[in-house]
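A.B. asks: Structure provided below as structure tokens; questions to follow.
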Amino acid sequence: MFDQKRKTNVTRRGFLKTTGIGSLGLIAAGNLRIARGANVAGSDCLKVALIGCGRRGLGCLRDRFAVGDNVKLTALADVAEKPLHSAMDLLKTQEEHKEKLAIDEEHLFSGFDGYQRAIESCDQVLIASPPGFHPVHYAYAVEKGKHVFVEKPFGVDAPGFKICMKANQVAEDKKLTVCGGYQRRHQPSYLEWIKRIQDGQIGDIRSTRVYWNGGQVWIRGVRGENESEMSFQVRDWYFFNWLSGDNLIEQHCHNIDIANWIHGKGDRMAHPVKCYGMGGRQWRKTPILPYNECGNVFDHHYVEYQYADGTIMHSQCRQINGCWNSVTEKVEGTQGRGEACWLKPDGGSRWDFPKKQNKNAYVQEHIDQVEAIRNGKYLHDGWHSSISSMTAIMGRMASYSGQEITWDAAVEKGSALFPYDKELTFETEPPVMPGTDGTYEHAVAIPGQYNPFA
Ligand SMILES: NC(=O)c1ccc[n+]([C@@H]2O[C@H](COP(=O)([O-])OP(=O)(O)OC[C@H]3O[C@@H](n4cnc5c(N)ncnc54)[C@H](O)[C@@H]3O)[C@@H](O)[C@H]2O)c1
């Protein structure tokens, strides 16, 4: 994918072609006209819908409202009734948001297909469902001509990546804006830090080291009485890799995105060409934790990625209580080093981004998108967001299998975790079922045995 001579990646259309993504015919001719949803200009009222009314969804809506433009919430969708109605009840109590609510009971959509009706009723959609659903929700939104904010990551597997890449092209052709939930890309400190790196202030880049080491994340608790397996897993989605992708994808993708940004030297299609790594679960297993806190995901991964120019990204992530924690990105150049967001050229003085000049990136990403929508400007985070998500997916393939994984093989042959071919209901059997001991231990990858292409 990387042109060694030009030291840059191939074009988007070339990329779609060489990965076989462009040949699948999803970029239908009918989708190529300018979408209606794209035509919200100036101070027109912009109708917004939210899909996934959980913690980030509500935070995302709050951050969207903070932009302060002429916006109305016209629909909410959530697979489950409880978060849907709790969200509506909460919003009604928030005095500061009252004038932004243009929503009635008819526009609260539950169920696995609720997202479709919510999307149809808006100009801009905020997608904050669990990661496994993102490719399908995103593709539907651009097919309907809507501006989209999609939380990271853009899917959990290679087939999901391909769906997102096609959706990216549809959005591009329809002149829709796409904001990607990788909020660091909109944060002044990162923008300035990476600009200085790319201006050569620490020479040529040799390697990056990126980390998301922390403790256990939230847990939703035990299965309800008579609760279906699908309902339980969707509620406790973090612990099932078909829904979260594993913590390497769900959480650490932020730091991996920064490494792609640095190594790409301004090319948003940049990605490593191969990787190898290791991982496992030491702590996230019964009887250390109750079985419902374990699912089938790992609790630590280490992956070494190589870019086509020979530079290296070392990536590590962990979710184990009581260990050394760090969430950051470090960079080594031929003439200096740095860490988000400072630089120290050899023999020179250290530069730090002035903290006072930083902005809340969660709000800034919405400010940038609204400005692009209203002024007809180009904003498309979908490309780098999909590629960074796929970079993390490739890392998981290496960590699960213990094998060297190339980008091309991962994209072309990487297997599906999410059941794209099934119409889901709460009665559908999920891709991972409990074993005879009631745990999901049998579905945990064993390096040396796991086949990421099966
Ligand atoms: N950018 C960031 O820093 C950041 C931070 C936290 C979370 N996130 C991302 O936000 C997303 C949501 O995370 P969260 O912490 O809010 O999770 P959450 O569990 O609190 O909320 C998810 C909501 O989606 C609903 N849902 C599940 N399946 C659905 C479907 N098919 N259709 C519609 N709704 C569905 C759930 O019922 C739940 O209410 C994830 O992709 C996560 O990675 C991003």
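The values are calculated or read from the model by the stated rules, or taken from the named source; none is laboratory data. Please read all numbers here as calculations on a predicted model, not as lab measurements. Positions of Cβ are generated from backbone atoms using ideal geometry, with glycine treated the same way; all protein chains shown enter the neighbour counts. Note: accessible area is taken over every heavy atom of the protein model, side chains too, but ligands, DNA and RNA are not part of it. Shrake-Rupley method; radii C 1.70, N 1.55, O 1.52, S 1.80 Å.
A.B. asks: Tally time: how many residues in the stretch 39-53 are within 19 Å of GLU99 (Cα to Cα), away from the ligand (no atom under 16 Å from the Cβ) and among the aliphatic types (A, V, I, L, M)?
C.D. replies: Initial filter on the stretch 39-53 (within 19 Å of GLU99 (Cα to Cα)): 43-50.
Going one step further and asking which of them are away from the ligand (no atom under 16 Å from the Cβ), we end up with 43-47.
Still in the running and among the aliphatic types (A, V, I, L, M): 46.
Here the count works out to 1.
Residues are listed down the side, and each one gets a yes or a no for (1) modelled with pLDDT of 95 or more; (2) small (Gly, Ala, Ser); (3) under 23 Å from ARG196 (Cβ atoms):
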position	(1), (2), (3)
PHE353	yes, no, yes
ILE373	yes, no, no
SER389	yes, yes, no
ARG396	yes, no, no
TYR400	yes, no, no
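A.B. asks: Scanning the stretch 211-226 for residues that are in a loop (DSSP other than H, G, I, E, B) and more than 13 Å from the ligand (Cβ to nearest atom), which turns out modelled with the lowest pLDDT?
C.D. replies: Let us first name the residues in the stretch 211-226 that are in a loop (DSSP other than H, G, I, E, B), namely 215-226.
With more than 13 Å from the ligand (Cβ to nearest atom) added as a condition, the list becomes 215-216, 222-226.
Values: GLY215: 95, GLN216: 90, VAL222: 81, ARG223: 85, GLY224: 87, GLU225: 90, ASN226: 93.
Restricting to residues being in a loop (DSSP other than H, G, I, E, B) and more than 13 Å from the ligand (Cβ to nearest atom), the top hit is VAL222.
A.B. asks: Filter the stretch 148-197 down to residues that are over 15 Å from SER389 (Cβ atoms), in a helix (DSSP H, G or I) and within 12 Å of the ligand (Cβ to nearest atom), then give me how many there are.
C.D. replies: 1
A.B. asks: Could you grab the pairs with beta carbons closer than 7 Å, sequence gap of 6+ or different chains, first residue in the stretch 203-223 and surrounded by 15 or more Cβ atoms within 10 Å (Cβ to Cβ), second one among the hydroxyl-bearing types (Ser, Thr, Tyr)?
C.D. replies: If the second residue must be among the hydroxyl-bearing types (Ser, Thr, Tyr), the pairs left are GLY203/THR334; ILE205/THR311; SER207/THR311; VAL210/SER315; TYR211/SER326; TYR211/THR328; ASN213/SER326.
A.B. asks: Here's a follow-up. Quick one: which of ILE103, ILE127 is touching a strand residue (DSSP E or B) at 6+ places or on another chain (Cβ under 6 Å), under 20 Å from VAL40 (Cα atoms) and open to solvent by less than 20 Å² (accessible area, probe 1.4 Å)?
C.D. replies: Numbers: ILE103 fails: open to solvent by less than 20 Å² (accessible area, probe 1.4 Å).
None of the others qualify; the one that does is ILE127.
A.B. asks: Ok, one more. With the requirement that a residue be more than 12 Å from the ligand (Cβ to nearest atom), closer than 22 Å to GLN187 by Cα and charged (D, E, K, R), what does the stretch 236-274 give you?
C.D. replies: Once the filter is applied, which keeps residues that are more than 12 Å from the ligand (Cβ to nearest atom), closer than 22 Å to GLN187 by Cα and charged (D, E, K, R), the stretch 236-274 yields LYS265, ASP267, ARG268.
A.B. asks: If you check every pair at least six apart or on different chains, which have Cβ atoms under 6 Å apart with a residue in the stretch 70-86 that is closer than 15 Å to GLY59 by Cα first and a residue that is basic (Lys, Arg) and more than 10 Å from the ligand (Cβ to nearest atom) second?
C.D. replies: Final answer for the pair search is LEU73/LYS100.
A.B. asks: Considering only the stretch 17-66, how many residues are open to solvent by 80 Å² or more (accessible area, probe 1.4 Å), closer than 16 Å to LYS146 by Cβ and modelled with pLDDT of 95 or more?
C.D. replies: Final tally of qualifying residues: 1.
A.B. asks: Could you say which residue among ARG56, ARG62 is near the ligand (Cβ under 8 Å from one of its atoms), charged (D, E, K, R) and assigned to a helix (DSSP H, G or I)? First the steps, then the outcome.
C.D. replies: Values: ARG62 fails: near the ligand (Cβ under 8 Å from one of its atoms).
After applying the criteria, what remains is ARG56.
A.B. asks: Another question, if that's okay. Please enumerate the residues belonging to the stretch 87-129 that are in contact (Cβ under 8 Å) with a residue 24 or more places away in the chain, near the ligand (Cβ under 9 Å from one of its atoms) and of a type outside the set (Gly, Ala, Ser).
C.D. replies: Once the filter is applied, which keeps residues that are in contact (Cβ under 8 Å) with a residue 24 or more places away in the chain, near the ligand (Cβ under 9 Å from one of its atoms) and of a type outside the set (Gly, Ala, Ser), the stretch 87-129 yields PHE109, PHE112, TYR115, ILE127.
A.B. asks: Output yes when any residue across the stretch 78-86 is part of a loop (DSSP other than H, G, I, E, B) and either within 9 Å of the ligand (Cβ to nearest atom) or open to solvent by less than 30 Å² (accessible area, probe 1.4 Å) (or both), and no when none is.
C.D. replies: So far as the stretch 78-86 goes, yes, one or more of its residues are part of a loop (DSSP other than H, G, I, E, B) and either within 9 Å of the ligand (Cβ to nearest atom) or open to solvent by less than 30 Å² (accessible area, probe 1.4 Å) (or both).
A.B. asks: Do you know which of the residues in the stretch 93-138 that are of a type in the set (D, E, K, R) and not in a helix (DSSP H, G or I) is modelled with the lowest pLDDT?
C.D. replies: Residues of the stretch 93-138 of a type in the set (D, E, K, R): 95-96, 98-100, 104-106, 113, 117, 120, 123.
Imposing the further condition that a residue be not in a helix (DSSP H, G or I) reduces the set to 104, 113, 123.
Numbers: ASP104: 93, ASP113: 97, ASP123: 97.
Here the residue is ASP104.
A.B. asks: With the requirement that a residue be open to solvent by 30 Å² or more (accessible area, probe 1.4 Å) and either within 15 Å of the chain's Cα centre (by Cα) or under 20 Å from ILE446 (Cα atoms) (or both), what does the stretch 269-303 give you?
C.D. replies: Quick first cut of the stretch 269-303, residues open to solvent by 30 Å² or more (accessible area, probe 1.4 Å) only: 273-274, 276, 278, 282-283, 285-288, 290-291, 293, 300, 302.
Those that are open to solvent by 30 Å² or more (accessible area, probe 1.4 Å) and either within 15 Å of the chain's Cα centre (by Cα) or under 20 Å from ILE446 (Cα atoms) (or both): TYR276, MET278, GLN282, TRP283, LYS285, THR286, PRO287, ILE288, TYR291, GLU293, HIS300, TYR302.
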